[in-house]
Amino acid sequence: MAFDPNEPMKDRITDIGPPHYEQFFPPVIKENYGKWKYHEILEPGVLVHVSETGAEVYTVRVGGVRLMSVDFIRETCEIADKHCDGYLRFTTRNNIEFMVDDKAKLQPLIDDLKSRKFDGGSNKFPIGGTGAGITN
């Protein structure tokens, strides 16, 4: 598209600042934005958010790492693709939140996260960090 001096802002593409976060919301979050009634902590690291519309979102928070390797990020994305329709969220403290919109998807996600271990035996994705718990 050619530049139009009469309408300099028309069809403008800029790289100033990040894209608006709303375009990255999972569909259930976008549909219920501003309509959340309450949330509950089901167990440490596992929450349910309930909307005025009756929609529910189950969130599993896992401890992340400060410096993430490409392999770790790929594995994180693999989990999100497998269980969460490709969506995940990083918290301000570098924790990772996986969100599912159906309770039936929750336990398979938790089981998958608990099954992933480092060679030394510790959890790659330790679940927790909500309520009276320790976070990253």
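Structure notes:
- Euclidean distance of C-alpha centroids, the range 15-40 and the range 69-125, integer Å: 20 Å
- Measuring r between the beta carbons of Ser115 and Met9 and using R0 = 41 Å, the FRET efficiency lands at 0.20.
- Nearest 10 degrees, 0 to 90: helix 103-115 Cα axis against the chain principal axis: 70 degrees
- Within the chain, longest stretch clear of exposed chymotrypsin sites (Phe, Trp or Tyr not before Pro) (DSSP loop, no more than 11 other Cβ within 10 Å): 34-117
- Trypsin sites (Lys or Arg not before Pro) restricted to DSSP loop in the range 8-57 with at most 15 other C-beta within 10 Å: Lys10, Arg12, Lys35
- Restricting attention to the chain, lysine pairs at least eight places apart or on different chains and with alpha-carbon atoms under 24 angstrom apart total 18.
- Counting only alpha carbon atoms, the long axis of helix 70-83 and the longest principal axis of the chain meet at about 90°.
- Whole-number percent relative contact order across the chain, with pairs defined as alpha carbons under 8 Å at least 6 apart: 23 percent
- Accessible area ranking (1.4 Å probe, heavy atoms, ligands and nucleic acids excluded), largest first, for Leu42, Leu47, Leu88: Leu42, Leu88, Leu47.
- Surface analysis of the chain yields an accessible area of 68 Å² per residue, using protein heavy atoms and a 1.4 Å probe.
- Separation of the Arg74 and Glu52 label points, Cα + 7 Å toward Cβ, nm: 4.5 nm
- Subtracting the Cα-Cα distance of Phe25 and Lys103 from their residue separation scaled by 0.36 nm leaves 26.2 nm.
- Nonlocal amide H pairs with Leu42, under 5 Å, H built at 1.01 Å: Leu47, Val48
The values are calculated or read from the model by the stated rules, or taken from the named source; none is laboratory data. This is a predicted model, so every value here is computed, not measured. Please note: Cβ atoms are built from the backbone with ideal geometry, for glycine as well, and neighbour counts cover all protein chains shown. For accessibility, only protein heavy atoms count, side chains too; no ligands or nucleic acids. Shrake-Rupley method; radii C 1.70, N 1.55, O 1.52, S 1.80 Å.
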